[in-house]
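For reference, the structure is listed below as structure tokens.
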């Protein structure tokens, strides 16, 4: 049964990652923790491993469609990589409950921002 659930979670994460650029983590982490009962640290690690592959494939396809600005990518990527290390280090020192709550708050804030945040009419 867990295999079937894992396949469904993988389908949802992969499809939504490619469709919306969410990286799958916003689907994978809650699904792994809430549906499969995976510990928060493990769920985030699995999510990052899966996202590394799906993001690479998605980025290549979006680049081919002209949806990747190399200049923006090169200005954002080094800082994101550096703070990815910092975030992983900090996460390693937090208990699972605290990490899970932080994750939930961040998802909630991002959802509210996307729903009600200021929009750029030129975009």
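Angle of helix 96-116 to the longest C-alpha principal axis of the chain, folded into 0 to 90 degrees and rounded to 10: 40°.
Computed over the chain with a Gaussian network model linking Cα atoms closer than 10 Å, the most mobile of 108, 34, 16 is 108.
Each part reduced to its alpha carbon centroid, the stretch 73-96 and the stretch 1-63 end up 18 Å apart. Note on the stretch 2-116: semi-axes of the ellipsoid equivalent to its C-alpha gyration tensor, largest first and rounded to whole Å, are 24, 19, 14. Report note on the peptides 63-73, 46-56: ranked by the mean count of other C-beta atoms within 10 Å, highest first, their order is 46-56, 63-73. When the chain is treated as a GNM with alpha-carbon contacts under 10 Å, the residue of 99, 61, 112 showing the greatest mean-square fluctuation is 112.
Taken together, the values in this text are just the output of simple stated rules run on the coordinates, not laboratory data. Keep in mind that what you see is a predicted model, and the values were worked out from it rather than measured. Cβ sites come from the backbone with ideal geometry, for glycine too, and all protein chains shown count toward neighbours.
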